[in-house]
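One structure below.
The values are calculated or read from the model by the stated rules, or taken from the named source; none is laboratory data. Because the structure is predicted, anything quoted here is derived from the model rather than measured. Cβ atoms come from the backbone with ideal geometry, glycine included; neighbour counts cover every protein chain shown. For the accessible areas, the whole protein counts, side chains as well, though only heavy atoms, and no ligand, DNA or RNA atoms are used. Shrake-Rupley method; radii C 1.70, N 1.55, O 1.52, S 1.80 Å.
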Amino acid sequence: MDSQKEALQRIISTLANKNDEIQNFIDTLNQTLKGVQENSSNILSELDEEFDSLYSILDEVKESMINSIKQEQARKSQELQSQLSQCNNALENSEELLEFATRSLDIKEPEEFSKVSDSMTHLMVDFSQERQILQTLKFLPVPKAPEIDPVECLVADNSVTVTWRMPEEDNKIDHFILEYRKTNFDGLPRVKDERCWEIIDNVKGTEYTLSGLKFDSKYMNFRVKACNKAVAGEYSDPVTLETKALNFSLDNSSSHLNLRVEDTCVEWDPTGGKGQESKIKGKENKGSVHVTSLKKHTRSGTPSPKRTSTGSRPPAVRGSRDRFTGESYTVLGDTAIESGQHYWEVKAQKDCKSYSVGVAYKTLGKFDQLGKTNTSWCIHVNNWLQNTFAAKHNNKVKALDVTVPERIGVFCDFDGGQLSFYDANSKQLLYSFKTKFTQPVLPGFMVWCGGLSLNTGMQVPSAVRTLQKSENGMTGSASSLNNLTQ
């Protein structure tokens, strides 16, 4: 009996899958039918416009010719009227008539008697050539589908260059239409559960570059079609290109209570602990706080405002670690790095007093500060009381004799055991740690009296890859920090 139920269940599952496939095929046919109706309507409308334009041109030519004929008729009529008037005047005066007759007898060539001809043959028009051209009017052929060559396409620096070609030469093509969309599925595009196609119209060449992209999906689909003056051809076979990059957000569940965290932004909030504590006591904790201005600072070189988190802590929303507390004003990323090369950028607010940027193991203690343990690496910027810029690891400090950039780029080569920091604008190397990561690492950030914003979904820039090859083995390392003072 159980085997029969299993067999029936398999049949039901197979029928359900077939039903989905048929429904998807019906949706595709409906879309195609709709496209055929729309295209035919557009073609008829454009054909009417073309013939209306031809009629308009012919009407203009006809009107111009009629005007020329009327003007010539008026000119000749005026000349003949002038001669007729002269003849009438001569008849009124006999002497003048006789004298005119005598002079007329002396005219030997009849053509000289009247220099105005009644012939209008020089205004005749030969329409045979135009008639032949009009009779040869025909539909433009539908362009063939272009072919995208994945080998010729380039994915680099958060840009994608798509290259295609026509299967055969077609000098009637006016432009191309390129479409793309992001996806997390390899292979051919799916009918359902996919994002809409983005359209780039009027592409004149056979290559186009999409730049400034955020690679927040694993892949991107591309297709292109050719258009002449009358009609668009079929789409090319879609091509899927990999757009691999590290995407992460800040983990609000374990961040310090004095930090206000939203996705990829973190801001110091001096009232966070008190506000959170009062909400916990009132059993109305909603996970949000309000930012107010900071009014008090301590006099120590490292910022250390009064602790505000003295009550019980709310449980973490995700993850198993406790919230950072005490003077560890830290928040980690929510995605661990376990292999490969990755890159992200950080920008600090102009008035930020102190912040750190780096990576740490998941085991970083809730009281630990970035760079003061052997499980974290960072560069630290201090604008409070004195300006310092330094690399930190295992409670050792290396002062950096460079200008603090507007944006800091972080390069993490997990397999190669390298953590490097760059000026994100100029790609100047600021500092590199050389180590061996024994555990997965998380992006880590400390901020006090200010805020940071992240830019993720970025590929490792080509300039950084080049610098890594040339600078590898020539920069500072974690081991060198062991010889420095605190």
Quick check: net charge around LYS347, other residues with Cβ under 14 Å of its Cβ, Lys/Arg +1 and Asp/Glu -1?
-3
Evaluate the relative contact order of the stretch 149-241 (contact order divided by residue number), counting alpha-carbon pairs under 8 angstrom at least 6 apart; express in whole percent.
36
To check my understanding: the extent here is largest minus smallest coordinate of the Cα atoms along each principal axis. What are those three numbers for the stretch 382-450, in Å, largest first?
37, 28, 21
Quick check: net charge around THR264, other residues with Cβ under 14 Å of its Cβ, Lys/Arg +1 and Asp/Glu -1?
-3
Round to the nearest 10 and report in Å² the accessible area of ARG195, as given by a 1.4 Å probe over the protein chains' heavy atoms.
110
Rounded to whole Å, √(5λ) for the Cα gyration tensor eigenvalues of the stretch 37-84, largest first, gives 46, 4, 4
When ranked by the protection proxy of mean other Cβ atoms within 10 Å per residue, highest first, what sequence do the peptides 431-439, 374-382 form?
374-382, 431-439
In nanometres, what is the gap between the two model label sites at ALA156 and GLN81, each 7 Å from Cα along Cα-to-Cβ?
8.2
Pairs from LYS372/LYS427; LYS144/LYS229; LYS366/LYS392; LYS434/LYS469 whose Cα-Cα separation, in the structure shown, is over 20 Å
LYS372/LYS427
Computed accessible area, ASP20, all protein chains, 1.4 angstrom probe, square angstrom:
90
